[in-house]
Each structure stands twice: as structure tokens, then as C-alpha cells.
Amino acid sequence: MTTTNRHVRTVRSADGTTIAYETSGEGPPIVLVGGAFNERTTVQPLAAALAPHFTAYAYDRRGRGDSGDTLPYAVDREVDDLAALIGAAGGAAYVYGLSSGAILAARATARGLPVTGLALFEPPFAVDGTAGSRPDISTTLAELIAADRRAEAVELFMTSAVGLSAEQAAGMRNDPSWPFLERMAHTLVYDLTITADGALPRDELAAVTVRTLVVDSTASPDWLRQAAHRTAEAVPGARRLSMTGGYHEVPPADLAVELRRFLLR
């Protein structure tokens with residue numbers, strides 16, 4: 001029987017920051033690491049799809065949702081957060097990461113966290129030197145957030161990091177999701193810190209020794225699909241899987257099937 005626990009639990013990270021999470025299902029644990037504009041609610045559809053075969057841990061990365069946020073920000077602190085989640089899951093877990101969350105998951109695994117199997121969805125590396133690359137906008141983003149100009153911060157990220165046109169980004173202000181995007185704006189600097197200059201960290205990826213699946217969507221831009229391909233090449237023994245889907249996403253039910261097939265084989 002599949003069970004869902006919508007009670008919000010917390011775990012304390014190494015620096016004392018409280019990290020909020022929920023669990024769904026029964027089976028071996030899998031921690032879901034979201035990317036930019038993600039919190040635990042946005043990964044709940046995948047958690048629900050995984051629930052028949054896994055206990056899925058959906059959590060709010062620091063600075064998001066019900067989690068705390070101890071400054072200054074550092075990627076190592078997010079690695080510690082993931083370590084705390086894995087500890088709460090029993091000391092070892094599968095890990096799935098999306099976008100910048102995929103880079104975080106890979107780096108945490110390379111650093112020796114007790115990950116039993118890894119799945120990465122479209123880590124946004126700029127592998128060809130041009131496509132997907134962006135100017136360093138972290139300082140400007142931080143200045144906009146400090147001035148409470150969150151809408152401008154979201155638009156800057158959408159145009160410079162995601163690749164939307166200025167017209168497309170401005171048009172999103174009428175979308176019902178816009179208030180949510182503004183609430184998450186201060187964490188965009190964190191995602192940019194994780195992706196850094198976009199270069200593929202070959203030595204770090206070569207240190208990943210667990211079975212790894214790298215997934216991309218057939219409808220994503222070529223630079224993201226190439227990033228998935230190069231990531232799979234850099235991780236020893238990794239498998240790449242292209243799935244039918246949309247821009248930077250595939251249906252959660254379809255993805256859950258492939259994660260189960262690969263991780264539980």
C-alpha cells in the first residue's frame with residue numbers, strides 16, 4: 001500500500017539551519033533535489049509518481065519554503081543540507097537532481113555522501129563554450145534583491161540564464177505563477193553559485209562512482225541536451241536517456257518509471 005505523509009518534518013543541517021521536508025510512499029529512500037524556482041511543492045508530482053516503489057523525500061532547499069537560510073551562502077552548506085536529508089532517510093539514499101539541483105547532487109556524490117544511486121536531469125553546463133553560457137549576473141541579481149526589485153531580478157535570470165527573450169520574460173508577469181517566482185528570487189544567486197561559470201567539472205564528475213543515469217528531454221534546447229550527453233560521458237559508466245517531454249521537463253509518471261527501472265534493477 002502506498003502512503004503519503006504530508007506532515008512537514010525538519011532536520012538540522014551542520015550549520016544549524018532547519019531544512020523542511022515531506023515524505024511520500026514506501027520503499028528505499030530517494031531524495032529529490034530541485035533546481036531554480038523549485039521547492040518541495042514543485043517536486044511533489046514526481047514524489048507521488050515514485051511513491052509506489054520508493055520513500056520519496058521532497059525538501060525545501062535553504063532559503064525556500066519552510067527551510068531556514070543561514071548566511072553567507074556556500075555550496076558546501078547545501079551539500080551539508082543534502083547530507084542531513086540522507087541521514088534522516090536512514091544513512092544512505094538514492095538521489096535525483098533537476099537542473100542546478102542535478103549539479104548539486106553530482107557534486108555531493110563526488111564528495112563522498114552515502115548515495116546509493118544517482119539520477120541527473122539536464123544539469124545546465126555550457127559545454128560548447130557559447131550556447132547556454134551567460135554573463136556573470138550574480139552581483140546584479142544580488143543588488144536587485146537588496147533593493148527589493150524582485151520582478152526585475154526574475155526577468156534578468158529568465159533572459160540571461162534561461163535564454164528567454166525580453167518580451168517572453170516580461171509577458172510572464174501575467175502568469176499566475178509570477179508571485180511564486182518573485183518569492184523565490186533571492187535564491188537565484190544560490191543557483192548561479194552552484195553552476196558557476198558553466199564549465200563541465202570533469203575531475204569532479206569522474207569522482208562519481210555510483211550508478212548514474214543522466215536524462216534529457218527531446219524538446220529541450222540543444223545546449224541542454226549536449227550538457228546531458230557530456231555529463232554522461234564524464235561520469236564513469238553513466239547511462240544517458242533521452243525522453244519525450246517538454247522544455248526542461250518530462251512527465252513525472254514517465255520519469256518515475258525510468259528511475260525505478262534504472263535504480264532498482
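Against the list (1) among the basic types (Lys, Arg); (2) over 20 Å from Thr195 (Cα atoms); (3) modelled with pLDDT of 95 or more, the condition Arg61 fails is (2).
Of Ala56, Ala14, Ala51, all but one fail to be out of contact with any helix residue (DSSP H, G or I) (no Cβ under 7 Å at 6 or more places or on another chain), at pLDDT 95 or above, aliphatic (A, V, I, L, M) and not assigned by TED's automatic domain parsing to the domain that holds Ala142; the exception is Ala51. Every condition in (1) free of Cβ contacts under 8 Å to residues at least 12 places away in the same chain; (2) in contact with a Pro (Cβ under 9 Å, 6 or more places away or on another chain) holds for Ala49 except the one numbered (1).
Checking each residue in region 58-77 for being more than 20 Å from Ala142 (Cβ to Cβ) and surrounded by fewer than 19 Cβ atoms within 10 Å (Cβ to Cβ) picks out only Asp66. Considering only residues in region 38-55 that are within 15 Å of Val257 (Cβ to Cβ) and of a type in the set (A, V, I, L, M, F, W, C), the one that is surrounded by the most Cβ atoms within 10 Å (Cβ to Cβ) turns out to be Leu50.
The values are calculated or read from the model by the stated rules, or taken from the named source; none is laboratory data. Keep in mind it's a predicted model, so treat the numbers as computed, not measured. As a convention, Cβ positions derive from the backbone with ideal geometry for all residues, glycine included, and neighbour counts pool all protein chains shown.
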